[in-house]
Amino acid sequence: MTIYVDADACPVKAEIERVGTRHKLAMIIVSNGGIRPSANPLVDSVIVPEGADEADKWIAERAGPGDIVVTADIPLAAKCVEAGAQVLKHTGEVLSADNIGNILATRDLMADLRAADPFRQGSGRSFSKADRSRFLDALERAVRRAAR
């Protein structure tokens, strides 16, 4: 079991390391660079080449059954779910075969709406303490499911 982290914009790297260390799991932090490597022997840092979706491609090629992927990237999440991995967003939302189709369709619809109206601003909310707490709970549950 490995925890893969799409790390470039991930606000919960420290929490992932804490949970992964407690369970003695391998963790792979994948980014385009600019992230300080961890001294933790269970954490490997992978720097992928510059370019669109290079980190996503790297993770998608490796994640599979028994693995956990942490990402906010919906197309990457869809690939990982299809490969059999458990996927969590940094807010604690679980992305699974049951909901990834609707989430992907909504993402595509919103992209079309933004493209049609250049003045339309994103309605993203800030990351909260409650999101961090939900993520920790979701990651703990995912680790237990993967261990079974």
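The values are calculated or read from the model by the stated rules, or taken from the named source; none is laboratory data. Every value quoted in this text rests on a predicted model; they were computed, and no experiment measured them. With ideal geometry, Cβ positions are generated from the backbone for all residues, glycine too; neighbour counts draw on all protein chains shown.
Taking into account only those residues within region 61-70 that are over 11 Å from the mean Cα position of the chain (by Cα) and surrounded by 16 or more Cβ atoms within 10 Å (Cβ to Cβ), which is farthest from F135 (Cα to Cα)? It would help to see each step written out before you state the result.
Kept after step one, since they are over 11 Å from the mean Cα position of the chain (by Cα), are these residues of region 61-70: 61-67.
Applying the additional criterion that residues be surrounded by 16 or more Cβ atoms within 10 Å (Cβ to Cβ) yields 62-63, 67.
On the way: R62: 23, A63: 20, D67: 16 Å.
Selected residue: R62.
Candidates in region 120-134 are the residues that are in a loop (DSSP other than H, G, I, E, B) and closer than 21 Å to H90 by Cβ; of these, the one that is modelled with the highest pLDDT is S128.
Hey, can you tell me all the residues within region 9-44 that are under 14 Å from the mean Cα position of the chain (by Cα) and surrounded by fewer than 16 Cβ atoms within 10 Å (Cβ to Cβ)? Residues satisfying the conditions are A9, P11, A14.
Taking the conditions exactly as written (out of contact with any Lys or Arg (no Cβ under 8 Å at 6 or more places or on another chain) and more than 19 Å from F135 (Cα to Cα)), does S31 satisfy them or not? So S31 fits the description; yes.
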